[in-house]
Amino acid sequence: MNIERIRNLREDNDLTQTELASKLNVSQRTYSHYESGSRKLPLDILVSLADYYNCSTDYLLGRTRKKEVNR
């Protein structure tokens, strides 16, 4: 997981952890654990983040530098 990438996307979109957590239907504390790497990001949250940011899960995972979704 590329924790830095997830945090940067949130900050680039001018979102607080609380705002993004609300969109993901999790608490701010839970989201904070995901972003810090102290908890693994569940697959459903990973997919929700990719959908929200319109990017691929591979981008969020750090497997590619290409943000675009291949459709």
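Placing unit charges on the Cβ atoms of the charged side chains and taking the dipole of the chain about its Cα centre, the candidate lying farthest along the positive direction among S36, G62, N13 is G62. In sequence order, segment 35-49 has phi-based couplings of 5, 7, x, 7, 10, 6, 6, x, 4, 5, 6, 4, 5, 4, 5 Hz under the Karplus curve 6.51 cos²θ - 1.76 cosθ + 1.60, θ = phi - 60°, and Gly or Pro positions carry x.
When only the heavy atoms of the protein chains count and the probe is 1.4 Å, how do S36, S48 rank by accessible area, highest first?
Working: S36 80, S48 50 Å².
Greatest to least solvent exposure: S36, S48.
Note on E19/R63: beta-carbon distance plugged into 1/(1 + (r/R0)^6) with R0 of 35 Å gives a FRET efficiency of 0.85.
Over the chain, what percent of the accessible surface lies on carbon and sulfur atoms, probe 1.4 Å? If you can, show how the numbers build up before the last one.
Working: 1940 of 4820 Å².
Result for the chain: 40 percent of the exposed heavy-atom area is carbon or sulfur.
The distance between label points at D51 and S36 comes to 2.8 nm (points 7 Å beyond Cα on the Cα→Cβ vector). Over the chain, dividing the summed -39,500 (n - 2.57) contributions of all DSSP H runs of at least 4 residues by the number of residues returns a 222 nm mean residue ellipticity of -17000 deg cm²/dmol. Computed about the Cα centre, the dipole magnitude for the chain is approximately 240 debye when only Lys and Arg (+1) and Asp and Glu (-1) carry charge, each at its Cβ.
Over the chain, the ratio between the Cα radius of gyration and 2.2 N^0.38 Å evaluates to 1.01.
Working note: Karplus 6.51/-1.76/1.60 with θ = phi - 60° gives segment 6-13 the couplings 5, 5, 4, 4, 4, 5, 4, 9 Hz, where Gly and Pro are set to x.
Residues of the chain: accessible area per residue at 1.4 Å, in Å²?
Working: 4820 Å² over 71 residues.
Computed with neighbouring chains in place, this is 68 Å² per residue.
The values are calculated or read from the model by the stated rules, or taken from the named source; none is laboratory data. Note that the structure is a prediction, hence the values are computed from the model and not measured. Cβ atoms come from the backbone with ideal geometry, glycine included; neighbour counts cover every protein chain shown. Calculation scope for accessible area: heavy atoms of the full protein, side chains included, ligands and nucleic acids excluded. Shrake-Rupley method; radii C 1.70, N 1.55, O 1.52, S 1.80 Å.
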